[in-house]
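The block underneath contains the structure these notes are about, expressed in C-alpha cells.
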Amino acid sequence: MSENEWVSVADKGSVPEGEMKGVTVGSTEVAIYNLKGELYATDNLCTHAYAFLTDGWMDGEEVECPLHAGRFEIKTGKGMGAPIPCDVKSFPVRIEGDKIQVKVG
Ligand code: FES
C-alpha cells in the first residue's frame, strides 16, 4: 500500500456527525472527524506527549487532547497554544462509494 494514494479507511456511515474515529494508514495514526456533516482528518497523535486525540473530546471546531487538555483546530490541525508545541498535520479526506478515504502522503 502506498501512503501517497487515497486509502479506504472506514465505512461511509461509521463516523456520525459530532464524532471521531481513529484509523491507521501504513505507519500513520489518523483521526477522522465529522464536523457538522463534513469530514476532516488530522494526525491522531498529539504533538505534546503520547496521546490519541480520538480519546479526547470534540468541542465546537476544536478537539481537546485527553492528557493535558491541549487543543487543535479540527479543520486545519492548528495547535491552539500551550502545552502544544506545534500543529498536527491535516490530511485530505473524501467519500468514495461507500468508503471514507484519506491521503496521508
Ligand atoms: S499529550 Fe496532548 S496536551 Fe499533552
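The values are calculated or read from the model by the stated rules, or taken from the named source; none is laboratory data. Source: prediction; values computed, not measured. When we count neighbours, we look across all protein chains shown, and the Cβ atoms used for this are built from the backbone with ideal geometry, even at glycine. Calculation scope for accessible area: heavy atoms of the full protein, side chains included, ligands and nucleic acids excluded. Shrake-Rupley method; radii C 1.70, N 1.55, O 1.52, S 1.80 Å.
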(message) Loop only by DSSP, 12 or fewer other Cβ within 10 Å of the Cβ. Give me the trypsin sites (Lys or Arg not before Pro) in the stretch 1-67 that pass, ordered by residue number.
(response) Lys36
(request) State the answer as a single residue: which of Gly81, Val7, Cys65 lies farthest towards the positive end of the charge dipole of the chain, with beta carbon charges of +1 for Lys and Arg and -1 for Asp and Glu, about the Cα centre. (result) Val7
(request) Any chance you could get the radius of gyration and Dmax over the Cα atoms of the stretch 7-102, in Å? (result) 12.3, 40
(message) If the elastic network links every pair of Cα atoms under 10 Å, which of Glu17, Glu62, Glu73 fluctuates the most in the Gaussian network model of the chain?
(response) Glu17
(message) Please compute the contact order of the chain in relative form: average sequence separation of alpha-carbon pairs under 8 Å and at least six residues apart, divided by the residue count, as a percent.
(response) 28 percent
(message) Please report the carbon-and-sulfur percent of the accessible area for the chain; probe 1.4 Å, protein heavy atoms only, DNA, RNA and ligands left out.
(response) 46 percent
(request) Give the accessible surface of the chain per residue, rounded to a whole number of Å², with probe radius 1.4 Å and ligands, DNA and RNA excluded. (result) 53 Å²
(message) For the stretch 48-105, which chymotrypsin sites (Phe, Trp or Tyr not before Pro) pass both filters: DSSP loop (anything but H, G, I, E, B) and at most 13 other C-beta atoms within 10 Å?
(response) Tyr50
(message) Give me the extension gain from Ala82 to Trp57: residue separation times 0.36 nm, minus the current Cα-Cα distance, reported in nm with one decimal.
(response) 7.3 nm
